[in-house]
Amino acid sequence: MEYHTLNISQLNDFVFCPYSIYLHTVYQTLDDDNYYDLPQIKGKYAHQTVDDGTYSTKKSVITGMMVYSEYYGLVGRIDQYFFDDKKLVERKRSIKTIYDGYKLQLYAQYFCMIEMGFVIDKLGFYSMVDNKSYPLAIPDDKTIHWFETHLNHIRQYQPLDTHVHINENKCQHCIYCPLCDKTTLLI
Ligand code: SF4
């Protein structure tokens, strides 16, 4: 299979709004401060210790490791892998709902790590502000098919030829809103 490599974060972004993938590509050279809004900044700082690999000094926990899947053409970063439990965890600042985008992100990390030779028995999310954990099932055949279909949709997406479905509730939480030429929200 020939395809371009996707960043794992794009899987979640595409579920949120496919057009945001296009805007991310257009504006990726800008400084974050040009488009990050407060919720994203809070989430970013919540993640920063993980991204820096500084959250845990325990040898039984890997934090913030880059992962890659040649098979799926994916690259990204995990949050935490616990050797003892063989558990992969994605932390978010505050989780109210387990969105499909969250699941796709964690499954992408999972497939990367499996391909890299890690053993994973458990998957889960952790909501930092309320200290809640949410398990996610190891993907079965049906879930793998759903995951692969989603990757195909992203790779086939033509931002300039596709109607953008505008959801103002999403737009008002979108980091690209001030720069987006599709939104009907007045900033
Ligand atoms: S502002 Fe709205 S239409 Fe534009 S990328 Fe964000 S969610 Fe999509």
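The values are calculated or read from the model by the stated rules, or taken from the named source; none is laboratory data. Quick caveat: nothing in here was measured; it's all calculated off a predicted structure. Every residue, glycine among them, receives a Cβ derived from its backbone with ideal geometry; neighbour counts consider all protein chains shown. Quick note on the areas: whole protein, heavy atoms, side chains included, nothing else; ligands and nucleic acids left out. Shrake-Rupley method; radii C 1.70, N 1.55, O 1.52, S 1.80 Å.
State whether one or more residues within segment 162-182 are touching a strand residue (DSSP E or B) at 6+ places or on another chain (Cβ under 9 Å) and either within 13 Å of the ligand (Cβ to nearest atom) or not in a loop (DSSP other than H, G, I, E, B) (or both). No, because not a single residue in segment 162-182 is touching a strand residue (DSSP E or B) at 6+ places or on another chain (Cβ under 9 Å) and either within 13 Å of the ligand (Cβ to nearest atom) or not in a loop (DSSP other than H, G, I, E, B) (or both). Of the residues making up segment 63-120, those that are open to solvent by 10 Å² or more (accessible area, probe 1.4 Å), of a type in the set (Val, Ile, Thr) and in contact with a helix residue (DSSP H, G or I) (Cβ under 8 Å, 6 or more places away or on another chain) number 3. Residues in segment 120-170 that are of a type in the set (D, E, K, R) and closer than 17 Å to Leu106 by Cβ: Asp121, Lys122, Lys132, Asp140, Lys142, Glu148.
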